[in-house]
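As structure tokens, the structure follows; a few thoughts come after it.
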Amino acid sequence: MDELKQAIVPTYIQSLGLEGSLELWVPAHEDDSIIEVEAEEQNFDCESILKSELIAFDSGIFTRKTNLFPRCVHWNVFKNQTLVLTEVSLKNDSSCIPSFNIRIHFPSQILKNCVTFGFDDEKNELSLFVITSTRVLYSIKVKPEWFLSSNPTVDEGWCTCFRPPSFLTKTPSYSTAVNRFSLFVTFNSGGLLKLNTSFNSDEIQEEHYHDSRYMTSIRHYLTLQAFKDDYRPPNSIVSMTYNHRYHYLLTMSLDHKLKIWNALNGVLLETISFEPTSMQNSNALSYLSIDSCTQSYVSIYHPNETRGYFSLYRFELDPDDGSFVKLSPVTTKIAPPHLPDDEFLPWTLLKTNLVCLDTRDLHFSLSLAWKSNLHAVIQCAYVVPNVDNTARVSWKSTKKNGFIGFDKFSFDIPTSMSFGDVSEIWVNNLLNKKHISPESLQLALLCSQKVNPYTSKSKMESLRSTSLNELMKEITKMIIGSVPVQPEFGSSSFDYSAYRQTLYNEWERFAKLTLYLDSFGDEILNIEIDSNSKDTYVCYASKIGVLRQPVYIEYLDGNLISNMLQLPEMKAPALVSGYQLLDLGCSLVSCLPSATLMEIRFSLQELTKNPASYSVFDTLWIFFDKYIYPNVNPDHLKSLAESFASRDNPVGDIKFLLDYIRDFPENSVQFSSTPFFSLALSNTLIEVLEKLQTSLEALIFLLSIACSQQDVQLEQKVVGSDGIFLELLGKWKVVSFFITTFNLPLEQVDIDSSKVGDNTLQSNLGTISHLNTPFEVLTTLFCRENALSNQFSSIQTSIKSFTSRLLEDSSSNQMVSEAFEKLLLLKQYNVCSALLSWLGFDSICQYFKAITHLGSKEIQKSIYHFKHANLNFEKVDLSERPLLKAYLDTAKGYSLDSHLSSYYLHVSKLLSTEGAYVDALEFSLMADAVKGEDENLVSDIRIQMFLTSCASSKFDTAYSTLLSIKNKEEKNDALNKFIKQLAYKGKLYRLIDYSMPSLQDEVDTILEKKSFQMIDVRCQPCWYNILYSWRLKNQNYRDAAAIIYEKLLRLVSFDGFKKEQETEILESYLIVLNALKLLDREEAWMLVTDVSKLTNDKELRYFPQKLVTLDNVLVEYEAHLQNVARNVTSQFSSTAAIGF
């Protein structure tokens, strides 16, 4: 039986890519707020918090087959009286992307199997019906905006509570919704009830079905059996399901009777009695399951002393009026296969799901969830009915223990390993297991810190807002701090070897504690099939799983390879031999210590960057002598070499295997991602890539063994192994690069979608904003690129497409650089800094390195790589590089012989945006040195030279560049910037040193405008003084005197005039007089503003002028001087009088 795999996502806010939670508290109904927690459960230690607040005891998935939102809602019920709703659609039917989950708090405990959703095919709004242990029914209107906004609108009547009369005497056991206003309820003591609610009032109507009236319930207690605690009457319902298409209700009772009701009028349509079986005396939901796709078929479970069997029935309808006729059998007695250890473990059927895959060529998918304590197995049957009510059935199943054990965590610690490496490896091992809930890590941290049980609950609340990487930093800090460094016995030096071992032991203890706490969340609670995507959801106590088929590279687990070899396409001998060689290589990898394997991977990474100067065969020989031979038993090596030599064409077999794994039709992937789909895909894809990485390493190791043996027969078999080794090395590089991105955290940066040149990236920014790691982002983008828009692809198909692209024949450096470029477009510079070692040394990679260092503010490193990257688009194909789109658009506007100059200009502009103006000036000068004769390029270079020299305070260079600008408008604009930059740098006085040929009038105009725009002429820089100096230098004495006179008038008219300014006024008069005396007596006059004629007219286009001569200024000066003298004399007189 083939094995099924799962994509696991923890139900944690950050693991689901959500921003937060919407907290709602429902109102209490009378005594519904009674606390029902037992005394022994009131201690708040870490384990009790885990079981009450983090581990659900009931869970499920609500789906509907429409394009409405929300369409697929995962719900969890916790013992702390909280119900959590999360939108987890795999298919993006609308533009809505959920950002929040909903936490609804109830005043009492929620009953198991008493959460159900009512919906309408025309409205987004849902109705949530919840029954609590105090027998109160809550009807909640769930609005779509609750999943989208941090501050949504919550109407006053969002929740209505009822206590139906029947609830006073009987305890509900199960409920299922009919629509947004009605639901069916069953009771432990027997009976079936339909409740009709109304959102406009608190009234509720009861419709009794079956024998559910009050007197019937009294009659049940007249038997002696009724006094037993576990007694249930024979007519009590143990399974119930509702057909939303035909409005039929199907019930199965303990007396082995299946009843079909018309939910619209309450009429019993048919009763079918089955043979007596060992039916459980409990509310088992697994007996009935209606086809979620067509609603035309139903599966019925018949339990017996072994595993039971299943039957499929069809709803027969009258062709004239569409009324119900009967249930007709499609196929009977579908017996599930053996379960693991079923001789010792009591397996119970938890849930059944049926979906019709094709109505023409009729076939079904039947999913079964079996449970035994914490163990769980999911079986899926592909059923093709025959005419005689038999069927052809093929089964697939998950493993009994689907989650990874502790043995995958441990590793050896050689003496050469540093302390930091020990902690780093443990952190990576914990982060690599994405199915481990972060809440388990949080609780393990609290337990390790020995936090007071009464404060651990509040600490848990604070840890929930902590990111996963911050949490791992706290854990690392705690563990390292708990291990002291002890001195060696009889020596003053420290025993670092013992410290390293103790540190390893502490990490091991913490990992075991984490796995123990996390194991509580591995309990399976429900399964559900999405009728749209046909995907099967698996609901665990703290996780969500999605079933998938294994890909080819995963057929090395257990007996999967033997099952795969039976497939029709596996009849090729070369393919069989290739898989067998891969199996031999994997056995070799398992012999290597983990520390050696890490060293080997580092060596392989170096080989991908720097190809050896000697032959490939010598490289393989050295590789074997250094890593393989010292760590593997010689007998095992000999057997591997003999097995390799026994093949007719082992190198060809390996090539055939790679082609088979890679063979996936291009453009066949249909994809419309949601954040949950991307998270589930990445969490399972990392496991596939790790297996692929191990497989590629296994083949490389096998080649190194074969090429290093002194055997004539082997020498003939390894012909061509140099090419296959380089191919394997390139594919290993790409796979290892993506694995490296898995544990790196994403930075929170604002991305302007209009400036992103990548169309795929631009259309998926909404999804990307909800992802947590670069690996999730890259897998989403690469799967999306070859997709058809608005279509859906399964996780299995996406994995095949992605791995096929990793293994395609194109250069490995190209895919690594493409992935690196996407991260740069998202401004993930810290992530890119951690991945720089994977880039090559070609021009594009050098450029990407430079951009990474530039974004990380490492200017000198970026300059080094900019100088080694010459982006000549005639020699390098840059057309498919979104990061270089701006450069290409600019460079193609210049002549073809100016690539280097345009590149230097581009780099200069990049450096300017980061404030590295001195280095930007250097590149603009380099661009000017090789500029050629393109006039547009020359103009752009000079403008850039001018801007960078101004910004870097190289004003002499800026001045010479200013004069070389030919365009008049650009020249005037540059002049304005030049003067402004001089003022900004406090070096406006240097303007006088520049003669400004052909620009003197423009400078005068700019300075005059700046002067008149001054609000307070006492401020610095004083543009009046600068303009006076400029005019005086150019021998414009009259205008020089006029501008100082204007300043003088503003000083005198200033409201805040003080006596301390008298000196400045007198000096201004003297400056004006000296300037006018430089003119002939007849020419000693000037035109200034006539302040007396100024008005408040806003339409005044010019200031009124008046003529002022040298004599006028002299008179004003003498009058002002006399006024100053009188004031001084008056002050002396006052002082003398006071002294006397």
### Task
Just tell me which lysines come within less than 24 Å, Cα to Cα, of residue 971; anything on the same chain fewer than 8 places away is out.
909, 931, 954, 980, 985, 987, 1009, 1010, 1033
### Message
Expected output is a single nm value to one decimal: the length gained when fully extending between residue 501 and residue 158, i.e. 0.36 nm times separation in residues minus the C-alpha distance. What is it?
### Response
117.6 nm
### Query
If the limit is 21 Å between Cα atoms, which of 609/861; 371/399; 473/609; 534/800 go over it?
473/609
### Message
Quick check for you: which residues of the stretch 1104-1118 have the amide N under 20 Å from the point 7 Å beyond the Cα of residue 1124 toward its beta carbon?
### Response
1110-1118
### Task
Just need the Rg to Rh number for the stretch 832-925, please, alpha carbons only, Kirkwood Rh.
0.95
### Message
So, R0 is 22 Å and r is the distance between the beta-carbons of residue 719 and residue 598; what FRET efficiency does that work out to, to 0.05?
### Response
0.10
## Note on the structure
So for R0 = 30 Å, FRET eff. of residue 750-residue 95 from the Cβ-Cβ r, to 0.05, ends up at 0.90
### Query
If you take the Cα atoms of the stretch 492-532, find Rg, then find the Kirkwood Rh from the mean of 1/r over all pairs, what is Rg/Rh?
1.47
## Note on the structure
Expressed in nanometres to one decimal, the distance between label points 7 Å along Cα→Cβ at residue 272 and residue 480 is 6.6 nm
### Task
Note down the Stokes-Einstein diffusion coefficient of the stretch 976-1022 in µm²/s, whole number, using a Kirkwood radius over alpha carbon pairs, 37 °C, and 0.692 mPa s.
289 µm²/s
### Message
Can you compute the modelled spin-label distance between residue 145 and residue 508, with each label point 7 Å from Cα toward Cβ, in nm?
### Response
5.7 nm
### Task
Pull out the extension gain between residue 201 and residue 933, defined as 0.36 nm times the separation in residues minus the alpha carbon to alpha carbon distance; nm, one decimal.
255.1 nm
### Query
What FRET efficiency comes out for the pair residue 357/residue 21, r = Cβ-Cβ distance, R0 = 45 Å, nearest 0.05?
0.75
### Query
Among the listed pairs 733/857; 5/733; 5/333; 143/351; 966/1047, which are separated by more than 32 Å between their Cα atoms?
966/1047
#### Entry: Computed P(r) (all Cα pairs; the stretch 1013-1052; 10 Å bins; percent)
33, 53, 14
### Summary
With no solvent term and unit scatterers on the alpha-carbon positions of the stretch 576-633, Debye gives log₁₀ I(q)/I(0) at q = 0.12, 0.26, 0.27 Å⁻¹ of -0.34, -1.12, -1.14
### Message
Just to confirm, what accessible area per residue do you get for the stretch 843-999 at 1.4 Å probe, in whole Å²?
### Response
47 Å²
### Message
Highest mean first, how do 312-323, 514-525 rank when packing is the count of other Cβ atoms within 10 Å averaged over residues?
### Response
514-525, 312-323
#### Entry: Length released on extending from residue 606 to residue 262, taking residue separation times 0.36 nm less the Cα-Cα span
116.7 nm
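The values are calculated or read from the model by the stated rules, or taken from the named source; none is laboratory data. What you see is a predicted model; the values in this text were computed from it and never measured. Glycine gets a Cβ as well: all are built from the backbone with ideal geometry, and neighbour counts include every protein chain shown. When the accessible area is computed, the model is the full protein with side chains, heavy atoms only, and any ligands, DNA or RNA have been set aside. Shrake-Rupley method; radii C 1.70, N 1.55, O 1.52, S 1.80 Å.
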